[in-house]
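A short worksheet on the structure shown next.
Read-outs: derived from the displayed coordinates by stated rules, not from any lab. Not measured: the values here are computed from a predicted model. Heads up, the Cβs are rebuilt from the backbone with ideal geometry, glycines too, and the neighbour counts pull from every protein chain shown.
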Amino acid sequence: MGKEEYKVAIILPVCDVMPHIKPMIESLYNSTNFPFKLIVVDGFSTDGTSEYLKEIFLEKDNMEYHQIEKKGLTNAINYGIKKAGNIDVYLTQADVIHFKLYGRDWLLEMYEASKRKKIGIVTGLHGGGISGPDYLNGMRWAGTWNTYIPKKTIKKVGYFDENMSPGDDLDYSYRVGQTGFKGMMCDFWVQHHRLTDHKDADNEDKIKKMAKYFRNKHGIK
């Protein structure tokens, strides 16, 4: 498939995820027939992840493999978005299993949903959450393990805030809403997020720090 035929770039940040990466890659390729290119951003893994992905890279003509200095998830996501060029992006992670259920192609449906006039971000069931009082109580946000972002949104909203972790995806969802775009959730199960290592996200002090940063940044009292 020629590069001009890809309609979406799937951004996959990885670092030392060997126990999870093989089923993730297999499920991704088996779950959709929609024309995508896979952009892997590897923070110089040392557990065999890099070697496995380099082998897969030789087998897949729609895969890009990049190694960059490890500077956090949002840095890797932004790197991948820049590499995607002028096409939509779908964000996922190495601990995700994708499904092809009910004869429906999840990536095709996300693509079609994103082309609606006011839709700025698309996710699936189990693809995000609802904010608590620390950030903005009751706000629905889309997680970076299952989020489709059309190019029109990236042009208007920009990149992810690399000063935020955790809360980077919540911040991006908020910024999408501030532009006048709306979020949309697919009405069927797209994926399963297995939650490998989220020590930072589970750190209560860091959550409160990021929430304070978020509220100050957006002038929320």
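Ranking ILE119, ILE21, ILE39 by how far each Cα lies toward the positive end of the dipole of region 3-218 (charges on Cβ) leaves ILE119 at the top. Near the amide H of VAL8, within less than 5 Å, lie the amide hydrogens of LYS37, all on another chain or at least 5 residues away, with H placed in the peptide plane.
Against the set (1) 18.8; (2) 17.7; (3) 18.2, the structure's computed Kirkwood radius over Cα pairs in Å falls on (2).
With contacts taken as Cα pairs under 8 Å at a separation of at least 6 residues, region 3-218 carries a relative contact order of 22 percent. Taking the Cα centre of region 3-218 as origin and assigning +1 to Lys and Arg Cβ atoms and -1 to Asp and Glu Cβ atoms, the resulting dipole is close to 1160 debye. With each label modelled as a point 7 angstrom along the Cα→C-beta vector, the LYS155-ILE68 pair spans 2.2 nm. Computed extension length for LYS212-ASP47: 55.8 nm, one decimal, from 0.36 nm per residue of separation with the Cα-Cα distance subtracted. Here the 3J(HN,Hα) profile of region 87-100, calculated from phi with Karplus coefficients 6.51, -1.76 and 1.60 at θ = phi - 60°, is 10, 5, 10, 10, 9, 8, 9, 6, 9, 10, 10, 9, 10, 10 Hz, Gly and Pro shown as x.
In a reduced charge model with +1 at each Lys and Arg Cβ and -1 at each Asp and Glu Cβ, region 107-153 shows a dipole moment near 340 debye about its Cα centre. Taking label positions 7 Å along the Cα-Cβ direction at both LEU125 and ASN30, the computed distance is 2.1 nm, reported to one decimal. Sorted fewest first by neighbouring Cβ atoms within 10 angstrom, LYS118, LYS83, LYS221, LYS71 come out as LYS221, LYS118, LYS71, LYS83. Inter-label distance, GLU162 to LYS117: 3.8 nm, where each label sits 7 Å from its Cα along the C-beta direction.
Over the residues of the chain, the helix contribution to mean residue ellipticity at 222 nm works out to -11000 deg cm²/dmol, using -39500 (n - 2.57) for each DSSP H run of at least 4.
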